[in-house]
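Visitor: Here you go, one structure.
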Amino acid sequence: MRRRVSLASLCKLAQGWHEIASVDPPLSAVPQFWDTDGQDDATAAAAARGNKILMSPANKVYLDMQYDPDSPLGLHWAGYVEVRDSYDWDPASAVPGVGEQQVAGVEAPLWSETLTTSDAIEYMAFPRLAGIAEIGWSPRSAHDWNAYRERLAQQAPRWTAQGIDFYRSPQVDWK
């Protein structure tokens, strides 16, 4: 006879794409919002019930999205995601009905079916990952694109010295 074990008894939480919100998951479940339109009534209802929501809108934080139409790597089904796109958004207002108290955090997925080398992964992650991290750990009131792009530009010598392959976005005046 098999013994049934609950996730809670193992100190684990269920997490799934935001579509799980449509089946009224337990409050411990964490829907992950990935869509590009910023609208989802089921996710908003789950947040209102008390579920925490992990924010990863594909048109803001998917690191495998091309920067622009000329990008040699990545996909663009969610749109082109330039450096400013990954920085200049607010997880607490990305989905109506999901406020700051309901946001569990942010995630920047990088799907690797089209990225086959470490250099390709680095190129797609940097510099966007730095901006996504900043919006995830700092309050919205501290977000300032112009100040951020100056700080970001100062990372170029460090990344170059470390051998990190990164995208030199035309939105940043690199050092």
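The values are calculated or read from the model by the stated rules, or taken from the named source; none is laboratory data. Quick caveat, the model's predicted, so the values are computed rather than measured. Note that each Cβ is placed from the backbone with ideal geometry, even for glycine, and that neighbours are counted across all protein chains shown.
Visitor: All but one of (1) out of contact with any helix residue (DSSP H, G or I) (no Cβ under 6 Å at 6 or more places or on another chain); (2) at pLDDT 95 or above; (3) surrounded by 15 or more Cβ atoms within 10 Å (Cβ to Cβ) hold for ILE53; state the number of the condition that does not hold.
Guide: Result: ILE53 fails condition (1) only.
Conditions tested, residue by residue: (1) over 24 Å from PRO72 (Cα atoms); (2) over 18 Å from the mean Cα position of the chain (by Cα).
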site: VAL83; (1), (2): no, no
site: GLU100; (1), (2): yes, no
site: THR116; (1), (2): no, yes
site: TYR123; (1), (2): no, no
site: ARG128; (1), (2): no, no
site: TRP145; (1), (2): yes, no
site: ALA153; (1), (2): no, yes
site: PRO170; (1), (2): no, yes
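Visitor: Could you list, in sequence order, all residues of the stretch 1-24 that are over 17 Å from MET55 (Cα atoms) and of a type in the set (Asp, Glu)?
Guide: Matches in the stretch 1-24: ASP24 only.
Visitor: Here's something else I'd like to know. Condition first: within 18 Å of GLU122 (Cα to Cα) and within 13 Å of the chain's Cα centre (by Cα). Now tell me which residues in the stretch 63-81 satisfy that.
Guide: Listed by number, the residues that qualify are LEU63, ASP64, MET65, VAL81.
Visitor: Name the residues in the stretch 121-175 that are part of a helix (DSSP H, G or I), of a type in the set (Gly, Ala, Ser) and in contact (Cβ under 8 Å) with a residue 60 or more places away in the chain, would you? Write out each step before concluding.
Guide: Within the stretch 121-175, the first condition is being part of a helix (DSSP H, G or I), and the residues that meet it are 121-125, 128-137, 140-142, 145-153, 156-161.
Remaining after also requiring of a type in the set (Gly, Ala, Ser): 125, 130-131, 133, 136, 141-142, 147, 153, 156, 161.
Of everything in the stretch 121-175, just one residue is part of a helix (DSSP H, G or I), of a type in the set (Gly, Ala, Ser) and in contact (Cβ under 8 Å) with a residue 60 or more places away in the chain, namely ALA125.
Visitor: Next question, about the same structure. From the list ALA8, ALA42, ALA21, ALA14, pick out the single residue that is farther than 30 Å from TRP145 by Cα, buried (at least 20 other Cβ atoms within 10 Å of the Cβ) and out of contact with any Gly (no Cβ under 7 Å at 6 or more places or on another chain).
Guide: ALA21 is the lone residue from the list that is farther than 30 Å from TRP145 by Cα, buried (at least 20 other Cβ atoms within 10 Å of the Cβ) and out of contact with any Gly (no Cβ under 7 Å at 6 or more places or on another chain).
Visitor: Going by the structure shown, is ASP173 acidic (Asp, Glu) and touching a Lys or Arg at 6+ places or on another chain (Cβ under 6 Å)?
Guide: Judged against the criteria, ASP173 is not a match.
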